[in-house]
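Scroll down for the structure; my scribbles are underneath it.
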Amino acid sequence: MDTELAQLESRIEQLVSLYGRLKTDHVELRGRLARLDAENRRLSDKLELATDKLEALLDKLPEA
């Protein structure tokens with residue numbers, strides 16, 4: 001019985017430790033996701049601006 005309780009206690013400690021690591025990983029991943037989303041928006045805006053400029057230049061070209 002004591003052995004079983006010790007094993008159970010050890011297993012619970014492992015689970016608590018794993019939970020802590022996963023919680024930390026989750027927070028880090030959410031931060032990374034937020035940064036990548038912001039970067040994606042920035043790049044999308046930049047691409048849209050470049051597209052608009054290119055279209056404006058093409059409109060100025062004489063037709064062949």
Query raised in the report: Mind checking whether some residue in the stretch 9-17 is within 15 Å of the chain's Cα centre (by Cα), of a type in the set (S, T, N, Q) and part of a helix (DSSP H, G or I)?
Result: no
Query raised in the report: Which one is most open to solvent (accessible area, probe 1.4 Å) among residues in the stretch 52-64 that are outside any loop (DSSP other than H, G, I, E, B) and among the acidic types (Asp, Glu)?
Result: 59
Query - From the options 43, 49, residue that is in a helix (DSSP H, G or I), free of Cβ contacts under 8 Å to residues at least 24 places away in the same chain and open to solvent by 90 Å² or more (accessible area, probe 1.4 Å) - result: 49
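The values are calculated or read from the model by the stated rules, or taken from the named source; none is laboratory data. None of these values were measured; they are calculated from a predicted model. All Cβ positions, even for glycine, are placed from backbone atoms using ideal geometry, and neighbour counts span all protein chains on display. Remember, those area values only see protein heavy atoms, side chains included, never the ligands or the DNA or RNA. Shrake-Rupley method; radii C 1.70, N 1.55, O 1.52, S 1.80 Å.
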